[in-house]
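The values are calculated or read from the model by the stated rules, or taken from the named source; none is laboratory data. Predicted model only: the values in this text are computed from it and were never measured. Neighbour counts run over all protein chains shown; Cβ positions are idealised from the backbone, glycine included.
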Amino acid sequence: MEPSTTMHWLYAFVLLAFPNKHNPRIRTARFMFAAFVKTFRPLLLIVSEIYFRWVEILFWAINLFVRKRSVPRPNDSLLLISATQAAEMIRIRELTSEELVEAYIARIEQVNGIINAVVDKNYENARILAREADSIFASLQPGSSEYNEMITKRPLLGVPFTIKDCIEVDGLRCTVGISSRKDLVAQKDAAVVERMKNAGAIPLAVTNVPEVCMWWESVNAIHGRSSNPYDTRRITGGSSGGEAALISAAGSVIGLGSDIGGSIRMPSYFNGVFGLKPTSGIVPLVGHLPPTEGFRNEMLRIGPICRYAEDLIIMLKVMAADDAINLLQMDKRVNLRKMRLFYMEGLKTPYAQSISSECYDALKRAVRYFETKYDLCAIRLDLPFAHYAVEFFLTSIEVPGAPSFAHHMTDFKSELNCVGELVKWCFGRSRHTLPAIMTGILDRQSPFNEEQKRVLMSLRDRLNRELRELLQDDAVLIFPSFPTTAPYHHQPLLTPLNFAYTALWNTLAMPVVQCPMGLNKRGIPLGVQVVGAPATDRLLIAVAQDLEDGFGGWKPSTDS
């Protein structure tokens, strides 16, 4: 069934909410809805599940003939401490910043040939900044007013970090995966990078993204394809795929990502690390490319990615705008015994897979953990409107009058002829990726008319209100991260809408933290999303830290 047809049935469902039973439109809607529920939607779900199962078998069979590799385990103990711990050790001079920076440079050189995550390096400047940090602490007396002031103002002094290749860093390339930006160097720092630098953190490298950051496999014509550190046959996710892969491979301890449809959380899930999509309006977006407007500003968030949950705290404090940090009350103690707990077992939509048994088990393990540890009673939810996550996203991402995706693909120099580019791609002559070309073709082909869009936006806003009222400031919702573990390379081309599991929360503008839940029998990461009401980021981080205590958090990949 085409999306527009689906929307007619959805509109019929909406009419049922009106009480006038004598209205002939209501009676017709009831008939249409009943017929749909009994006949078409279950059939669509069955057909789609058969299709998705066929895709999984196909890619499993293809990859039987592809060598599996993983990055070697880190053997330098400096790579196995959190940024919070590293900052403290540098302050008390148990560790030098230069030693830490050199350890991460060596690790990047060791693993990047395997995962292809780093696209620009800042090694020499990082070494200079590391020596400066060490000299600052060497000149200060611990406990002095100057020392304490330095700790307060520059809590990450001497700690390296990495940045997604769509967040500007002065002096480093910012390509956004667009061929025409191949050699463009940023002339200023994004606001969030400036805040990290002011806190003393040292930019070490820039990491790979998909073209225009609008796909969930990190591949582009400039830098190529990034691979999963646990199994190089699999994707890193997107669009912060290079960032999450490098952090998971212990090539970085903390990093900056961005998220408009799951671009922090999907890569964090596939690579077994923590990723936070913070409350809207907390972290400034200035200096993020491509620029956004309209409701996209509510959907897009810049947030932290890290291996250790405690680093989410210090990073969010540093990244948050001065006028927003008080809203979060980050230093207020969280009592998880008083938390209310909800969970949902996935989405029922013909456009995305239902969750696999191992993903379901990970979800249930997280729920049981909190029930047992804190004597909580988890409540299972089934939010009917949430199953329209795909429709919500496609409606919310539209901004009338905004530049077309085809304009973005040329860095606004012209509007790319994407149909002609598709022909060129078939002959290996295109400088663009297939997902970007297809997005450019479909960009102006809205699947919904104006009436359907209004209905969808009304349902989206109603779900938003209901969730905010339900969760308030003391509850979380545990939700599947994705229907499966990390797919194989190219597999997203045949399952493009599986990102609905993360995109739903962008359309609702709610904060979400992605938490690792160990590895499956094949050594591939599992995880869950934890959703909260706006401004409950500290509660989400507390839950993430507790899950890390219970399930071990990030786990290094096995040796290849």
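For this structure, a couple of remarks:
- Just one of the numbered conditions (1) closer than 24 Å to Gly440 by Cβ; (2) surrounded by 24 or more Cβ atoms within 10 Å (Cβ to Cβ); (3) of a type in the set (Gly, Ala, Ser) is not true of Ala221: (2).
- Extreme residue, nearest to Gly553 (Cα to Cα), among residues of the range 261-288 that are of a type in the set (A, V, I, L, M) and surrounded by fewer than 24 Cβ atoms within 10 Å (Cβ to Cβ): Ile282
- Any hit, the range 155-168, residues being surrounded by fewer than 22 Cβ atoms within 10 Å (Cβ to Cβ) and either aliphatic (A, V, I, L, M) or in a helix (DSSP H, G or I) (or both): no
- Identification of helices (runs of 4 or more DSSP H) wholly contained in the range 260-372 with 3 or more residues that are assigned by TED's automatic domain parsing to the domain that holds Ala475, of a type outside the set (Lys, Arg) and out of contact with any Phe, Trp or Tyr (no Cβ under 8 Å at 6 or more places or on another chain) yields 296-299, 310-319, 325-328.
- Residue pairs meeting the criteria (Cβ under 8 Å; at least 6 apart or on separate chains; first over 17 Å from Leu442 (Cβ atoms), in the range 409-423; second surrounded by 16 or more Cβ atoms within 10 Å (Cβ to Cβ) and of a type in the set (Lys, Arg)): Asp411/Arg181
- Verdict on Asp189 being in the same structural domain as Gly241 (by TED's automatic domain parsing) and in a loop (DSSP other than H, G, I, E, B): yes
- Condition check for Tyr147: over 30 Å from Ile222 (Cα atoms) and either in a helix (DSSP H, G or I) or not assigned by TED's automatic domain parsing to the domain that holds Val176 (or both): yes
- Residue count for the range 88-100, restricted to those that are under 13 Å from Leu156 (Cβ atoms) and either free of Cβ contacts under 8 Å to residues at least 24 places away in the same chain or touching a Pro at 6+ places or on another chain (Cβ under 6 Å) (or both): 2.
- Criterion violated by Pro291 - all others in (1) at pLDDT below 95; (2) touching a strand residue (DSSP E or B) at 6+ places or on another chain (Cβ under 9 Å) satisfied: (2)
- Residue that is at pLDDT 95 or above, assigned by TED's automatic domain parsing to the domain that holds Leu316, small (Gly, Ala, Ser) and under 18 Å from the mean Cα position of the chain (by Cα), where the choices are Ala250, Ala245: Ala245
- Some residue of the range 125-136 being outside any helix (DSSP H, G or I) and in the same structural domain as Ser263 (by TED's automatic domain parsing): no
- Within the range 422-448, tally of residues that are assigned to a loop (DSSP other than H, G, I, E, B), loosely packed, with under 14 Cβ neighbours inside 10 Å and modelled with pLDDT of 95 or more: 3
- For the range 491-508, taking the residues that are touching a strand residue (DSSP E or B) at 6+ places or on another chain (Cβ under 9 Å) and not polar (S, T, N, Q), the one that is farthest from Leu456 (Cα to Cα) is identified as Tyr501.
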